[in-house]
Amino acid sequence: MLSLPQLDRAQTEAYITSHLSYAEGRVDIFTDKAIDEVYKYSAGAPRAINKVCSHSLLSAHQRAKRIIDDYMVKEVINKEMA
């Protein structure tokens, strides 16, 4: 079975940015502290990064927020990932 390596903090940010860029979205929507929280939650696992970012993007859209900060990521993790 093939497994993806865990990403470090810088790689996690690059991973998020590349996915946002590919989707032609704003690449600066996640604050640095938000990315810190994504990294802490995911431990650099791409599947967990995707999950928390997707839920955070949906939450931001529902609230008409243009920036995803660490508080929003923490709320998503606590309410939707637990």
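Where a number appears in this text, it was derived from the coordinates with a stated rule and is not lab data. A quick note: this is a predicted structure, and the numbers were derived from the prediction, not measured. Here Cβ is always computed from backbone atoms with ideal geometry, including for glycine, and neighbour counts include all displayed protein chains.
The ranking of LEU20, LEU58 by Cβ neighbour count inside 10 Å, starting from the fewest, reads LEU58, LEU20. Applying a DSSP loop filter and a limit of 11 other Cβ atoms within 10 Å to the trypsin sites (Lys or Arg not before Pro) in the chain leaves ARG26, ARG63, ARG66. Length gained on full extension, HIS19 to ARG63, computed as 0.36 nm times the residue gap minus the Cα-Cα distance: 13.7 nm.
Over all pairs of different C-alpha atoms, the range 9-80 has a mean inverse distance whose reciprocal, the Kirkwood radius, equals 11.8 Å.
Amide H to amide H distances under 5 Å link ILE68 with PHE30, THR31, where only residues 5 or more positions off or on other chains count and H is placed in the peptide plane.
Sorting TYR22, TYR71, TYR41 from the fewest to the most surrounding beta carbons within 10 angstrom yields TYR22, TYR71, TYR41. Phi-derived couplings, Karplus 6.51 cos²θ - 1.76 cosθ + 1.60 at θ = phi - 60°, listed residue by residue for the range 61-71: 4, 5, 9, 6, 9, 9, 10, 9, 9, 5, 5 Hz, with x used for Gly and Pro. The helix-based estimate of mean residue ellipticity at 222 nm for the chain, built from -39,500 (n - 2.57) per DSSP H run of four or more residues and divided by its residue count, is -20500 deg cm²/dmol to the nearest 500. When the GluC sites (Glu not before Pro) in the range 1-74 are filtered for DSSP coil states and for at most 16 other beta-carbon atoms within 10 Å of their beta-carbon, the remaining sites are GLU24.
Quick check: Cα centre of the range 29-68 to Cα centre of the range 7-28, how many Å? The distance from the Cα centre of the range 29-68 to that of the range 7-28 comes to 11 Å. Among SER59, SER18, SER42, the ranking by other beta carbons within 10 Å of each residue's beta carbon, starting with the fewest, stands as SER18, SER59, SER42.
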